[in-house]
Structures are given as structure tokens and as C-alpha cells.
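The values are calculated or read from the model by the stated rules, or taken from the named source; none is laboratory data. Being a predicted model, the structure only gives us computed values, none of them experimental. Cβ atoms come from the backbone with ideal geometry, glycine included; neighbour counts cover every protein chain shown.
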Amino acid sequence: MMLRTVCKALIILSLAVWIPGYQSLAASAPLSNMPAPVPCPSVTGPLHVEGTKLCGRDGSPVQLRGISTHGLAWFPDYVNEECFSQLKTQWDVNVIRLALYTAEYNGYCTGGDQNQLKTLVHNGVQYAASQDMYVIIDWHILSDSNPNQHIAEASAFFDEMSRTYAGYNNVLYEICNEPNGGTSWDDIKVYADTIINVIRKNDKDGVIIVGTPNWSQYVDEAARDPITGFDNIMYSLHFYAATHKEDLRNKMAAAIEAGLPIFVTEYGICDASGNGSIDTVQARQWIDLMDQNQISYVAWNLSNKNETSAILNSSCAKTSGFTESDLSDSGRWIYQMLTEKN
Ligand code: IDC
């Protein structure tokens with residue numbers, strides 16, 4: 001009896017010695033059940049860029065995962081602190097993107113009430129700050145396909161924003177959502193040079209994200225000829241999983257390999273119209289690739305518009321305190337994906 005117990009103990013002991021990882025697995029098992037901490041400004045501090053990575057104040061890589069508003073002019077009511085708080089505490093979201101359309105439907109440069117729109121941006125930044133979240137101020141060009149079209153308005157806007165937020169540790173500037181049409185990378189560089197200089201006069205080191213040609217897909221062109229002379233510049237890549245698949249993923253992987261710091265400031269799990277069917281198989285492959293490379297990503301969009309990319313059902317009239325039945329199919333998938341690690 002005694003001998004059997006001693007033998008058992010010896011077998012266990014030798015297993016622990018000979019199987020690599022046996023001991024550490026046993027020792028770390030309870031730890032792996034602990035939620036991974038979600039980076040937030042009070043802990044990771046102001047962000048900067050090192051090589052291809054977005055990093056926190058101690059130099060370690062930080063991945064932001066968040067949600068974008070729809071156009072602030074059309075869906076202003078989701079800019080409220082209860083809503084941001086729920087996204088932070090229940091969705092593990094650590095960044096909110098504030099989409100300020102420049103041209104469409106009362107856009108900032110096409111007749112929109114600029115003061116009202118700026119108030120929404122300011123409120124959004126404050127709510128994000130008080131909820132300890134990062135926030136992206138997005139100059140959302142779209143039908144005005146070349147950002148140089150409204151460069152004077154953009155300069156004045158980013159001058160004001162960077163003067164106001166230079167001392168904040170949670171603000172990122174996205175200076176042109178999606179250049180498109182015939183807009184070349186050279187056109188974008190001319191625009192970016194002007195706007196980055198405007199921002200840098202006030203805010204010496206805030207992260208600035210630059211859109212790339214063809215609706216922020218041609219990161220290869222940026223990788224071949226990146227912006228020089230400034231620190232903390234990133235480049236955006238946007239995808240919609242039912243439309244953009246392996247080709248664009250390969251483009252992203254190659255650009256990272258070439259040393260380009262990429263931020264996916266907008267993605268959807270449906271098609272590029274923001275509507276149509278959902279492709280969760282492709283979406284999962286995108287998420288895996290971005291997670292492996294610690295690329296930050298922000299989902300389009302926080303609204304109840306009757307379109308697949310909206311994360312709320314069109315029947316949901318609430319602007320905070322959402323329950324699972326308030327979520328659309330996109331919303332449910334994104335919620336589960338964001339929270340599955342924890
Ligand atoms: C779409 C909205 C839609 C709105 C349209 C305006 O989902 O409700 O009517 O813009 O033209 C983008 C853009 C983003 C688009 C989205 C879906 O950045 O503004 O939103 N999309 O089409 N790029 C690729 C897809």
C-alpha cells in the first residue's frame with residue numbers, strides 16, 4: 001500500500017520533471033482564467049508608435065479595440081456617457097471613434113452646423129476621457145474623395161482640436177477617413193504634410209492616422225513611400241469582410257512586413273455598402289490576423305440604422321443600456337468577439 005503511494009508520487013514527480021511545461025501549466029492554470037487587462041489611458045498612458053506597433057508609455061505594444069459612431073450629424077444621441085460606459089465595462093471596448101462626415105448630409109463642409117458638430121466631438125472626447133477610454137477624432141471624408149478639396153476647413157479644424165487636446169492622453173487624430181476615386185497616394189501625402197504640420201505645432205506627439213488610396217485599402221502604396229520627418233504616424237486600412245478577403249489581408253500582411261504601422265480604424269463584418277450579408281468566416285480570419293499582429297481595430301457602426309453594419313436593431317430606440325435583444329446580428333457577433341477573451 002505504502003509502496004504504491006510512493007510509486008505514484010514518483011511517477012507524478014518524474015512527469016513534472018520530464019514533460020516540459022507540466023509544472024508551469026499546473027501553476028499557471030488559475031491565472032489563465034483571469035481576464036486580460038484591457039489597456040486604458042490611466043494605465044497605458046499616451047500612445048506612441050515604435051516600428052509597426054502602437055505602444056503605451058512603458059514601450060510595450062497596445063491594441064485598441066473599439067466601435068465607431070455613425071455620422072455624428074445623423075446619430076448624435078449615441079454620444080452620451082452611459083453608452084460609452086457600457087461599451088467599456090461590458091464590451092471591453094477601449095476606443096471610440098467619432099465620425100465627423102465632411103460632405104454628406106449636413107457634413108461639416110457642406111452646410112452642417114459646425115459649432116454643433118464640434119460640440120459633439122468635444123462631448124465625445126470628454127465622455128471617453130472620464131470613462132478612461134481612448135478616442136479617435138475622425139475627419140470622415142467620403143463622397144469628397146480627395147481630402148485636398150476641403151484642406152482649408154481641415155486645417156482650421158485640426159488646429160482647434162490639437163490646441164484643445166494637446167495635453168490629453170487619450171486623443172488620436174484621423175485626418176482623412178477614405179480617400180477614393182482618382183486620389184493618389186501623392187495627393188494624400190500633400191494633404192497629410194499640411195495637416196500633420198498644423199497638428200504638430202500644437203500637439204508634439206499625439207498619434208496621427210492617415211487614410212490610404214482606394215477607400216483606405218492601398219497600404220502597399222504607403223509602405224513603398226511612407227511619410228517621413230514626423231513621429232507617431234500610422235496608416236489606415238479598412239475592410240468589410242463580405243467584400244474584402246484574402247487579397248486585402250495579404251496586402252496588409254505585406255505592408256506590416258515592410259514596416260508600415262497600420263490601424264484598422266473602420267471595419268464591418270458585412271459587405272462594403274455597410275449592408276447586405278454577413279461573412280463571419282472571413283471576419284474571423286481578419287480578427288485572427290489583426291490579433292496576431294496586435295493591430296488595433298474599430299467596428300462600424302454605433303447606430304440603429306436599418307443596415308447590416310449597425311450594431312443595434314432598427315427597433316431599438318435606446319441610446320444606452322442595451323440588452324442582447326437590442327443587438328443586430330453584427331452587434332451580437334462583435335460583442336461576442338470582443339468579450340470572448342475575458
Ligand atoms: C455608410 C453608412 C450609410 C451611409 C453612407 C453614406 O453605413 O448608412 O448612408 O455611409 O454615404 C465606408 C465609409 C462609411 C460607410 C461604410 C459603409 O467609411 O462612411 O458608411 N463604408 O458603406 N467605407 C467602406 C464602407
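Collect the residues in region 150-178 that are assigned to a helix (DSSP H, G or I), more than 18 Å from TYR127 (Cβ to Cβ) and polar (S, T, N, Q), keeping them in residue-number order.
Once the filter is applied, which keeps residues that are assigned to a helix (DSSP H, G or I), more than 18 Å from TYR127 (Cβ to Cβ) and polar (S, T, N, Q), region 150-178 yields SER155, SER162.
Among all residue pairs at least 6 apart or on different chains, which show Cβ distances below 6 Å where the first residue, located in region 149-160, is within 16 Å of LEU98 (Cα to Cα) and the second is assigned to a helix (DSSP H, G or I)?
As it stands, the answer is ALA154/ILE195; PHE158/ILE195; PHE158/VAL198; PHE158/ILE199, since those pairs meet every condition given.
Counting only residues that are within 16 Å of the ligand (Cβ to nearest atom) and part of a loop (DSSP other than H, G, I, E, B), how many does region 229-250 have?
5
For PRO37, which of the numbered conditions (1) at pLDDT 95 or above; (2) within 19 Å of the chain's Cα centre (by Cα) fails to hold?
(1)
Conditions tested, residue by residue: (1) in contact with a strand residue (DSSP E or B) (Cβ under 9 Å, 6 or more places away or on another chain); (2) touching a residue at least 60 places away in the same chain (Cβ under 8 Å).
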| site | (1), (2) |
| --- | --- |
| LEU237 | yes, no |
| ASP247 | no, no |
| ALA253 | no, no |
| ALA258 | no, no |
| ILE262 | yes, yes |
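Here is a yes/no grid of residues against (1) crowded, with 23+ Cβ neighbours inside 10 Å; (2) within 19 Å of the chain's Cα centre (by Cα):
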{"residue": "HIS244", "(1), (2)": "yes, yes"}
{"residue": "ALA253", "(1), (2)": "no, yes"}
{"residue": "PHE263", "(1), (2)": "yes, yes"}
{"residue": "ASP271", "(1), (2)": "no, yes"}
{"residue": "GLN292", "(1), (2)": "no, yes"}
{"residue": "GLU307", "(1), (2)": "no, no"}
{"residue": "SER330", "(1), (2)": "yes, yes"}
{"residue": "TRP333", "(1), (2)": "no, yes"}
{"residue": "MET337", "(1), (2)": "no, yes"}
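Condition first: within 17 Å of the chain's Cα centre (by Cα) and charged (D, E, K, R). Now tell me which residues in region 131-159 satisfy that.
Within region 131-159, ASP132, ASP138 meet the criteria.
Against the condition in contact (Cβ under 8 Å) with a residue 40 or more places away in the chain, more than 20 Å from GLU266 (Cβ to Cβ) and either out of contact with any Asp or Glu (no Cβ under 7 Å at 6 or more places or on another chain) or not acidic (Asp, Glu) (or both), how does ASN146 come out, does it pass? Even if it seems obvious, please write down each step before you answer.
Working: in contact (Cβ under 8 Å) with a residue 40 or more places away in the chain: yes; more than 20 Å from GLU266 (Cβ to Cβ): no; either out of contact with any Asp or Glu (no Cβ under 7 Å at 6 or more places or on another chain) or not acidic (Asp, Glu) (or both): yes.
Answer is no for this residue.
So how many residues does region 118-141 have that are in contact with a Ser or Thr (Cβ under 8 Å, 6 or more places away or on another chain) and outside any helix (DSSP H, G or I)?
7
Of everything in region 130-149 that's surrounded by fewer than 19 Cβ atoms within 10 Å (Cβ to Cβ) and under 20 Å from LEU172 (Cβ atoms), which residue is nearest to the ligand (Cβ to nearest atom)?
Out of the qualifying residues, it is LEU142.
Would you pick out the residues in region 283-299 that are within 15 Å of the ligand (Cβ to nearest atom) and out of contact with any helix residue (DSSP H, G or I) (no Cβ under 9 Å at 6 or more places or on another chain)?
Within region 283-299, VAL298 is the sole residue that qualifies.
For the structure I just gave you, tell me whether HIS122 is touching a residue at least 12 places away in the same chain (Cβ under 8 Å), within 16 Å of the ligand (Cβ to nearest atom) and of a type outside the set (S, T, N, Q).
Answer is no for this residue.
With SER330, SER273, SER320 as the choices, which residue is part of a loop (DSSP other than H, G, I, E, B) and within 16 Å of the ligand (Cβ to nearest atom)?
SER273
Could you please find all residues in region 72-112 being closer than 17 Å to ASN301 by Cβ and of a type in the set (D, E, K, R)?
Result: ASP77, ARG97, GLU104.
With respect to PHE239, determine if the residue is under 22 Å from ASN148 (Cβ atoms) and either at pLDDT 95 or above or surrounded by fewer than 19 Cβ atoms within 10 Å (Cβ to Cβ) (or both).
Against the criterion (under 22 Å from ASN148 (Cβ atoms) and either at pLDDT 95 or above or surrounded by fewer than 19 Cβ atoms within 10 Å (Cβ to Cβ) (or both)), PHE239 does not qualify.
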